[in-house]
1. Go through (1) within 26 Å of residue 294 (Cα to Cα); (2) at pLDDT 50 or above one by one and return the number of the condition residue 421 breaks.
2. For region 261-268, state whether one or more residues are among the acidic types (Asp, Glu) and within 30 Å of residue 364 (Cβ to Cβ).
3. Can you spot a residue in region 220-239 that is in a helix (DSSP H, G or I), assigned by TED's automatic domain parsing to the domain that holds residue 368 and in contact with a Phe, Trp or Tyr (Cβ under 6 Å, 6 or more places away or on another chain)?
4. List pairs: first residue in region 345-368 and over 21 Å from residue 409 (Cα atoms) and in the same structural domain as residue 314 (by TED's automatic domain parsing), second residue modelled with pLDDT of 50 or more and among the aromatic types (Phe, Trp, Tyr) anywhere in the structure, Cβ distance under 9 angstrom, at least six positions apart or on different chains.
5. I need the strands (runs of 3 or more DSSP E) fully contained in region 1-102, keeping only those with at least 3 residues that are free of Cβ contacts under 8 Å to residues at least 40 places away in the same chain.
6. Hey, among the residues in region 376-394 that are among the aliphatic types (A, V, I, L, M) and buried (at least 24 other Cβ atoms within 10 Å of the Cβ), which one's modelled with the highest pLDDT?
7. Just one of (1) within 20 Å of residue 63 (Cβ to Cβ); (2) in a loop (DSSP other than H, G, I, E, B) trips up residue 301, so point out which.
8. Across region 220-254, what is the number of residues that are crowded, with 21+ Cβ neighbours inside 10 Å and out of contact with any His (no Cβ under 8 Å at 6 or more places or on another chain)?
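The values are calculated or read from the model by the stated rules, or taken from the named source; none is laboratory data. Quantities reported herein were computed from a predicted structural model and do not represent experimental measurements. Neighbour counts are summed over all protein chains in view; Cβ atoms, including those assigned to glycine, are modelled from backbone coordinates with ideal geometry.
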Amino acid sequence: MNIWKKKSTILITCPRGVAPYLQKEVAALGFTVQVVQDTAVQTEGTLEDTLLLNLHLRTAQRVLYLLKKDAVDSPGALYKHVYDFPWESLISASGKNAYLCITSIVENPLITDSRFVNVKVKDAVVDRIRGKCGSRPNSGPDKDKVVVHVYWKNNEAAVYLDTSGERLALRGYRKIPLTAPMQETLAAAVILASGWNGEGAFVNPMCGSGTLAIEAAMIAHNRAPGLLRNNYSFMHIQGFPEELWREMRRKARNAVRKNSSARIIATDIDKEAVAAAKLNAQTAGVDHLIEFNHCSYEKTPLPEEGGVIIINPPYGERMDTVADKSQYRRTEEFTAGRKVIIRRAAGRPGISGLFNTRARLENLYQGIGDFFKKAGGFYRGYIFTGNLEMIKKVGLRTKQRIILYNGDIECRLLEYELYKGSRKSPVLPNDK
């Protein structure tokens, strides 16, 4: 049977906390969700179906197609388990596609280093192909061609084709990420969690490299995120249905909404950030859909029709926890008329560092609360942050608290009830 037409388990991975939104996406594409885990959603389909999933899913990281699963009680048994599969029908022995990468997750007391498993699996695959074809593919760490993933837990090993290759968060538009950018999949999940679907304004102060605004524009106009990528692992599997892939892409392009009433506004006090965000939006093909402004967050324009405001402020890790203080860049925020000097940490996902900053950071979060208060009842306000202590400084009652993870950092997406007038409502004791 042609493996491209064969049904099997499909495991779709995602960041922690994102699975409920990925589940809805998978179901909306017509797939039956079988299992929802903390970092994955399981469904069933053919290898051809993985093309559709890779093309359209916004909150997924990887789409894994199950090849086989069996009892494995030793490295030798794992080798045989992998060797017995007809890899010569999937991976070229020579030519431009004759390359594979092995990845693995191992939860077995016999194994202390997953690299040992990677080598064992690689040996089994190339030994099989060499025995059948007389030559073997190259192998290495690059995920730009065929990727085989092994999950070995206790006495069971599952072998998958990683049909995505590089993680799906790498859309291809973020040419200038600046410091501590939010991953694209996480940004999409934050937007979906807010319930915004293109109705009303989308306002993103402190926009950084523009990821939230760009993902919002793509959602509002129904642009499939996979249209921006030109390489997936599935393209290098033998028998790749190129015509089917072209037809899927054609349908996705035709489904793009030409017009949308949504206003998307992104601002930042840092000129470099605004310039980078504009360039990234241009690469994504949505720069004409976003209004960029260079200003402090509190001066961000708010359209009268209302909508959502989403802010991802600095988290405020202490400077002395970072060895190389030269990796900080200086920016300024204005909070209730007071200038706050902030130095954002480079290369540390989702974290900003501050010099002697507790009071300044408190002012910043209090200022965001004042900004939300000005927005009034026509808006829903959201803060995404990993600083659970500073949440109390916002001073507004939370309507909803959603746990999401920025890498290993446990964060909160907090929805606030916005109103005009004095802030008299007490802060909930469990606003953490």
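1. Result: residue 421 fails condition (1) only.
2. yes
3. no
4. Hits for this filter: 367/297; 368/297.
5. Passing ranges, in order: 40-46.
6. Per the criteria, the residue is 383.
7. All conditions are met except number (1).
8. Here the count works out to 7.
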